[in-house]
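Quick notes on the structure that follows.
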Amino acid sequence: MSKPPKSIEKRARDLARSGQYIGWRPIAFELQFEHGYAEASAWVNSLATQEELDALCREARGSRRISPEAA
């Protein structure tokens, strides 16, 4: 597997850390519209990357707090 563009790696991790995604699949969907995705598709579809993105998503979503005003 060739090395994906750093911009795709960074974007994927940023999306995962945003707390707005539940896992790698919706992130992969978003990334397909990014420049350089074709070169990064093997990286995105690797099991190691999927596990990393899923873990980042879980961590980000777990750390989000609901404000008392929203409850």
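The values are calculated or read from the model by the stated rules, or taken from the named source; none is laboratory data. Every value quoted in this text rests on a predicted model; they were computed, and no experiment measured them. In this analysis, Cβ positions are derived from the backbone assuming ideal geometry, glycine residues included, and neighbour counts consider all displayed protein chains. These accessible areas exclude ligands, DNA and RNA; they are computed on the full protein's heavy atoms, side chains included. Shrake-Rupley method; radii C 1.70, N 1.55, O 1.52, S 1.80 Å.
If the condition is being in contact (Cβ under 8 Å) with a residue 12 or more places away in the chain and basic (Lys, Arg), then the stretch 20-57 contributes no residue at all.
Being out of contact with any strand residue (DSSP E or B) (no Cβ under 6 Å at 6 or more places or on another chain), open to solvent by 40 Å² or more (accessible area, probe 1.4 Å), at pLDDT below 95 and of a type in the set (Asp, Glu) narrows it down to one residue among GLU52, GLU30, GLU34; which is it? The conditions single out GLU34.
Return yes or no: is PRO68 open to solvent by less than 20 Å² (accessible area, probe 1.4 Å) and at pLDDT below 90? Against the criterion (open to solvent by less than 20 Å² (accessible area, probe 1.4 Å) and at pLDDT below 90), PRO68 does not qualify. Entry remark, the stretch 5-32: residues being in a helix (DSSP H, G or I), more than 20 Å from LEU47 (Cβ to Cβ) and of a type in the set (Gly, Ala, Ser) number 1 in total.
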